[in-house]
Amino acid sequence: MKTGLGATLLRAGRRLLSSLPALFGVLVFTFLLMRVLPGDPAVFFASGPNAGKEEIEQIRKQMGLNKSVPEQLVFYLSDIGHGNLGRSMMTGQPVLKDLRERLPASLELTFTALLIALIAAVPLGVVAALRPGSVVDHGVRMFCALGVCVPTFVSGLLLIYVFYYLLGLAPDPTGRIDVFTSLPPQRTGFLSIDFLLASDVEGWWAACKQLILPAVSMALFVIAPLARITRASMLVSLGSDFVRTARSVGLSWHKVVVTYALRNAILPVITIAGIVFSTMLGANVLVEKVFSWPGVASYALDALLSSDYAPVQGFVLLMASLFVLVNLVVDVCYGIADPRVSIE
């Protein structure tokens, strides 16, 4: 057992090392891309376009913008190596601190949305595969098509209109918690978990109510690919030789479907779930804006609109690192689900 665990960790370390060139490429590309975008950060720091030239030049010197692009890149990579992502012009705080404060909000929203999507998509895919060509199958496929066609901000606005404005069941879409609820001691950054650790049931329920609508908005968009891949994988598994053999020896239909067919069909679902999670984490900016959710995606968008280089570069580096980690976790889960699959 220890030998297998050690070998898995060793292979995981090799995968991480092999991802370093890709992360380096992301750093360089993002740095160069930000330098060709219009706008001068020194002008924003100098209190607007009416600032004097001397003040602007002084700020450019402080920011290192008076140096050539290759020199700026060398200093930037050196700062990254020392764990310094720069300082945000919007907040006046180090980018690393801003990302650390906002990342739990994005992760909590994304994890919850992915969990809702998996709980809905896997049973839908299985049911559709068990009755191919039936009314249920066509209904699931139509639901998936609608989920893909409707953008997340549209579904979010519709949910707000129905459940907040018409029915009054949902709270104000104004962030992670309402103004009347006190925040719990921060331990994990996930409010739903921190409230439970603080034994505050009312606060936990208030945080969950704020979380439900944005999470459902994101989940509706990603249910479609998860349900489709589940249906396709189940159809292949149900038509395989080992399933026919299991049925011929008299095993119950439930055991055949769950133990044999679904376990083999779940491997592509794991892969798609990892890709979907990475996509959701970086692309949930519309949901964060609609629900005033203080996540890293909305933070990066505000920085981009203000020509604030450091937060955007830090956000891209964060997303690239998370993408590498998610792929590694997916590979490990692959090995757990099917021991024949190697992490390498």
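Descriptive notes on the structure:
- Among the numbered conditions (1) within 30 Å of residue 295 (Cβ to Cβ); (2) surrounded by 12 or more Cβ atoms within 10 Å (Cβ to Cβ); (3) at pLDDT 70 or above; (4) of a type outside the set (A, V, I, L, M, F, W, C), the only one that residue 25 does not meet is (2).
Yes/no per residue for (1) open to solvent by less than 10 Å² (accessible area, probe 1.4 Å); (2) more than 26 Å from residue 232 (Cα to Cα); (3) free of Cβ contacts under 8 Å to residues at least 24 places away in the same chain:
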| position | (1), (2), (3) |
| --- | --- |
| 270 | no, no, no |
| 278 | no, no, no |
| 284 | yes, yes, no |
| 287 | yes, yes, no |
| 296 | yes, yes, no |
| 299 | yes, yes, no |
| 307 | no, yes, no |
| 310 | no, yes, no |
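- Total residues in the stretch 59-96, condition surrounded by fewer than 16 Cβ atoms within 10 Å (Cβ to Cβ) and in a helix (DSSP H, G or I): 11
- Enumeration of residues in the stretch 94-133 that are free of Cβ contacts under 8 Å to residues at least 24 places away in the same chain and in contact with a strand residue (DSSP E or B) (Cβ under 7 Å, 6 or more places away or on another chain): 94
- Of the residues making up the stretch 73-93, those that are without any contact (Cβ under 8 Å) to a residue 60 or more places away in the chain and of a type in the set (A, V, I, L, M) number 3.
- Exactly one residue out of 158, 213 is open to solvent by less than 90 Å² (accessible area, probe 1.4 Å) and assigned to a helix (DSSP H, G or I): that is 213.
- Criterion violated by residue 188 - all others in (1) of a type in the set (Val, Ile, Thr); (2) in a loop (DSSP other than H, G, I, E, B); (3) under 30 Å from residue 236 (Cβ atoms) satisfied: (3)
- Residue 255 being in contact (Cβ under 8 Å) with a residue 40 or more places away in the chain, assigned to a helix (DSSP H, G or I) and not aromatic (Phe, Trp, Tyr): no
- Matching residues in the stretch 97-122 - criterion: being open to solvent by 70 Å² or more (accessible area, probe 1.4 Å) and over 18 Å from the mean Cα position of the chain (by Cα): 97
- Filtering 331, 338, 302 for residues that are of a type in the set (Asp, Glu), closer than 30 Å to residue 96 by Cβ and at pLDDT below 80 leaves a single hit, 331.
The values are calculated or read from the model by the stated rules, or taken from the named source; none is laboratory data. Remember, predicted model here, so these are calculated numbers, not experimental data. Cβ coordinates were reconstructed from backbone atoms using ideal geometry, including for glycine residues, and neighbour counts include every protein chain displayed. Note: accessible area is taken over every heavy atom of the protein model, side chains too, but ligands, DNA and RNA are not part of it. Shrake-Rupley method; radii C 1.70, N 1.55, O 1.52, S 1.80 Å.
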